[in-house]
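> Structure provided below as structure tokens; questions to follow.
Bear in mind these aren't lab numbers, they're just calculated from the coordinates by the rules spelled out. All values derive from a computational prediction rather than experimental measurement. Heads up, the Cβs are rebuilt from the backbone with ideal geometry, glycines too, and the neighbour counts pull from every protein chain shown.
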Amino acid sequence: MSAKKYLLSTFSVILFAILAACSAPEEAANEMDEFTFANYDAIVVRHVDLDLDVDFDNKILTGSAELSLEILKPDTNTLILDTRDLAIKAVFTEASGGWQETGFVLEDGGNLMGQSLTIDLPEGAAKVRIEYQTSPGASGLQWLTPEQTAGKEYPFMFSQSQAIHARSWVPIQDTPAVRFTYSATIRTPEALLALMSADQDPYTPRDGEYSFEMPQAIPAYLMAIAVGDLEFQAISDTVGVYAEEYILAAAAEEFSETPMMMEATADLYGPYRWGRYDLLILPPSFPFGGMENPRLTFLTPTVIAGDKSLTSIIAHELAHSWSGNLVTNATWRHAWLNEGFTSYVENRVMEEVYGKDRAVMEQVLGKADLLETIAGFEDPAMSALVMPYGLNDPFEGFTDVPYQKGDLFLRYLEQKFGREKFDTFLRAYFEEFAFGSILSEDFYSYLDENLMSPNPGVVEPEVIRAWIYDPGLLDVAPEPTSDAFTLVSETRAAFLAGEISATELGSEAWITHQWLYFINALPDDMAMELFIDLDTTFDLSVTANAEIAFAWYMKSLQAGYLTVVNPVEEYLIRIGRGKLIYPLYQRLVDISQRDWALKVYQKARPGYHPIAQARIDAILEL
Ligand SMILES: [Zn+2]
């Protein structure tokens, strides 16, 4: 990051902090999304009807999107939509005289934003229909060849629309500020099943034509599609798993507690409002842990550890059915309203389902990650909950800060006001803003009105504003401590002092969290014979647990324990989940192994998602 950029963004944060401190909420409510071309203050899309053919030979979607409009400003005669690399064939509008072709202009707005599509609207037009096709390189779609799937027989395609990739497969107002319902007809090769973030019958016959209805209004980033050789297994009447056959039974077993989690979340925060809740296990190239597509969470297979130790991801994606999907950040600068609340709810649900010890272990690991992340920022503005303007991509702001700092902030409020009052408050908050898109200032006003003012003197308004707008972590942040981890620390110290060997760690009953805690704090200059002792005792270099493997590889590379080199190569080729691979590439660069990293990347890159490719290209400075 350049010095100039640092100055600019620091300036904008100071400016915004001043504005926020003096401005009324009405002013803040006018903040427009900087990552959209859409003129959504004048006209909004209320419903989308898609009709698309999935063409695996050409790696494109082709068909039409029909948009129902609501005019907010009466003299509006253009509709501006977001697109990226779409071929627009024709645009029609429907007014009183029926459908007729209308004029449009596509204008390039650069790599990040894509192209604005400006459509002429005749007087009284209530609908537009856009005939289009996507490009094979669409940033929001990944097309896998049969060889890249586990079954090896059929191709696979899936979307990742967050943050601003929906525009690469649907011409749309691609901003979280706008919500719409949608319906879709999707045609696929006959043997394959299509799924969307919408109402669907798990037992629908496979005939190559699938219909979907999404009756709840959602923002564009929650539109999702997947097509593949997928099977379904029920976990309960309303919960189930879709996956390729090789992993279906293991996934259903791993996530068997999902109905319990749903119940726990609904007990705490009000009813689940989305009908069914299903999980879709994607191929390993999925760049994220999970994506909270409504009714159908998309998941990486790397969380199937065999011992249910990584199921907090389900608690997280499920929690988004309240925070994020139900109450949404109106612009990406306020993503902590999605992710911080979700991380907090996730941890509460983990406590309900697995008990306090495990919930606290996750808090300790989360805070450690946050402190490391904050320490690594060149630009302190990145450590404020409300992100700076002018990021190169909204996803740049999706660090540990919106997640873990947001979680700490809400736990701070819980500690101050007491759990009972805070639970009541949060439940009412989800109800108040249900199916709405809001800014941090909306949250602040609601908090002030419903918790701070009725309970004067419990917290200081300046402290609350500092939590939301200031960089860094306040001294008043909660400090979780875990007895289980204290024990691990003692064991680690004894091991490092040579008092016990690897076989004497007493780690037989450790869960993944304890292993991560043990490995992460091993010193970078640990003696090679200790690496060898751990590795030969626990086979850490070849463990099937993707999170433990990641921690071990990071530590080993830093220390120069080169036994991991082949396993790391195999891992980087097999897995495409960003959280597990970006830091490994970065570490290889940091320890002057860029050339080797590049060699591995050349083999791995074709299997990665376009989002991951772009990120690693940047790490390797390609
Ligand atoms: Zn999330």
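> Label region 357-457 by shape, choosing from rounded, prolate and oblate, from the square roots a ≥ b ≥ c of the eigenvalues of the Cα gyration tensor; if a/c is under 1.5 it is rounded, and otherwise prolate applies when a/b is larger than b/c, oblate when it is not.
Here region 357-457 falls in the oblate category.
> Follow-up question, since we're still on this one. Along its principal axes, what span do the Cα atoms of the chain show, with the longest given first and each in whole Å?
87, 64, 53
> Can you give the local net charge around L371? Use residues other than it whose beta-carbon is closer than 14 angstrom to its beta-carbon, Lys and Arg +1, Asp and Glu -1.
-4
> Translational diffusion coefficient, Stokes-Einstein: compute it for region 499-622 using the Kirkwood radius over C-alpha pairs as Rh, at 20 °C and 1.002 mPa s, and state it as an integer in µm² s⁻¹.
142
> What are the GluC sites (Glu not before Pro) within region 349-437 that DSSP puts in a loop, where the Cβ has at most 15 other Cβ atoms within 10 Å? Provide the component values of the computation, followed by the final result.
Values: sites: E351, E352, E362, E372, E378, E396, E414, E420, E431, E432; in loops: E378.
For GluC sites (Glu not before Pro) across region 349-437 that sit outside H, G, I, E and B with at most 15 neighbouring Cβ atoms in 10 Å, the list reads E378.
> Pairs of Cα atoms under 8 Å, at least six residues apart: use those to get the relative contact order of region 33-135, whole percent.
RCO, region 33-135: 33 percent.
> Another question about this same structure. Tell me, how many Å apart are the Cα centres for region 236-253 and for region 266-282?
After rounding, the separation between the Cα centres reads 16 Å.
> If you don't mind, there's one more thing I want to ask. For the chain, find the longest principal axis of its Cα atoms and tell me its angle to the long axis of helix 483-496, 0 to 90°, nearest 10.
Taking Cα atoms only, the helix is inclined about 50 degrees.
> Once phi is turned into ³J(HN,Hα) by the Karplus curve 6.51 cos²θ - 1.76 cosθ + 1.60 with θ = phi - 60°, what whole-Hz value does each residue of region 501-510 show in order, with x for glycine and proline?
9, 4, 5, 9, 5, x, 9, 3, 9, 5
> Compute the Cα gyration tensor for region 51-119, then decide on rounded, prolate or oblate, letting a ≥ b ≥ c be the square roots of its eigenvalues: rounded whenever a/c is under 1.5, prolate when a/b is larger than b/c in the other cases, and oblate in all that remain.
Because a/c hits 1.5 or more and a/b fails to exceed b/c, region 51-119 counts as oblate.
> So which aspartates and glutamates can K152 reach, going by Cα to Cα under 20 Å and dropping same-chain residues fewer than 8 places off?
Within reach: D55, D57, E190, D229, E231, E244, E245, E570.
> If I take every Cα pair under 8 Å that is 6 or more residues apart in the chain, average their sequence separation and divide by the length, what percent do I get for the relative contact order?
Relative CO of the chain lands at 11 percent.
> Take every Cα-Cα pair in region 348-413 and report what % of them are more than 17 Å apart.
Values: 1001 of 2145 pairs.
The answer is 47 percent, as a whole percent.
> If you don't mind, there's one more thing I want to ask. Roughly how tilted is helix 3-22, in degrees to the nearest 10 and between 0 and 90, from the longest Cα axis of the chain?
70
> Using only alpha carbon pairs under 8 Å that are at least six residues apart, calculate the relative contact order of region 162-294 and give it in whole percent.
The normalised contact order for region 162-294 reaches 22 percent.
> Can you work out the PRE-style zone for A95? Point 7 Å along Cα to Cβ, and I want the residues of region 53-89 with backbone N under 19 Å.
67-81
> Let me ask you something else. Explain nothing, just the number: dipole magnitude of the chain about its Cα centre with +1 on each Lys and Arg Cβ and -1 on each Asp and Glu Cβ, in debye rounded to the nearest 20.
The dipole magnitude comes to about 660 debye.
> While we're looking at this one, here's another question. Select from region 455-552 those GluC sites (Glu not before Pro) which occupy a DSSP coil region and have at most 13 other Cβ atoms within 10 Å, ordered by residue number.
Details: sites: E462, E490, E499, E504, E508, E529, E547; in loops: E499, E508.
Passing sites in region 455-552 are E499, E508.
> Can you list the trypsin sites (Lys or Arg not before Pro) in region 109-157 that are in a DSSP coil and have 14 or fewer other beta carbons within 10 angstrom?
K152
> Please label the shape of region 418-468 as rounded, prolate or oblate, based on the square roots a ≥ b ≥ c of the eigenvalues of the alpha-carbon gyration tensor (a/c under 1.5 means rounded; beyond that, a/b larger than b/c means prolate, else oblate).
Oblate.
> Projecting each Cα onto the charge dipole of the chain (Lys/Arg +1, Asp/Glu -1 at the beta carbon, about the Cα centre), which of P271, L112, T258 comes out farthest on the positive side?
L112
> Counting each DSSP H run of 4 or more residues in the chain as -39500 (n - 2.57), what helix-only mean residue ellipticity at 222 nm follows after dividing by all residues, to the nearest 500 deg cm²/dmol?
Counting only the DSSP helices, I get -11500 deg cm²/dmol.
> State, in angstrom, two size descriptors of region 139-191 derived from its alpha carbons: Rg to one decimal place and Dmax to the nearest whole number.
14.1, 41
> Next question, about the same structure. All other residues with a Cβ under 10 Å from the Cβ of E231 taken together, and with Lys, Arg as +1 and Asp, Glu as -1, what is their net charge?
-3
> Return one number: the angle in degrees, 0 to 90 and rounded to the nearest 10, between the long axis of the Cα atoms of helix 406-417 and the longest principal axis of the Cα atoms of the chain.
Long axis of 406-417 versus the principal axis of the chain: about 80 degrees.
> Continuing with the same structure: Along each of its three principal axes, how wide is the spread of alpha-carbon positions in region 189-253, in whole angstrom units, largest first?
33, 27, 21
> Then there's this: Could you pull out the pairs from K308/K599; K367/K579; K73/K127; K308/K421; K555/K579; K367/K416 whose alpha carbons sit more than 27 Å apart here?
Checking Cα-Cα distances, K308/K599; K308/K421 exceed 27 Å.
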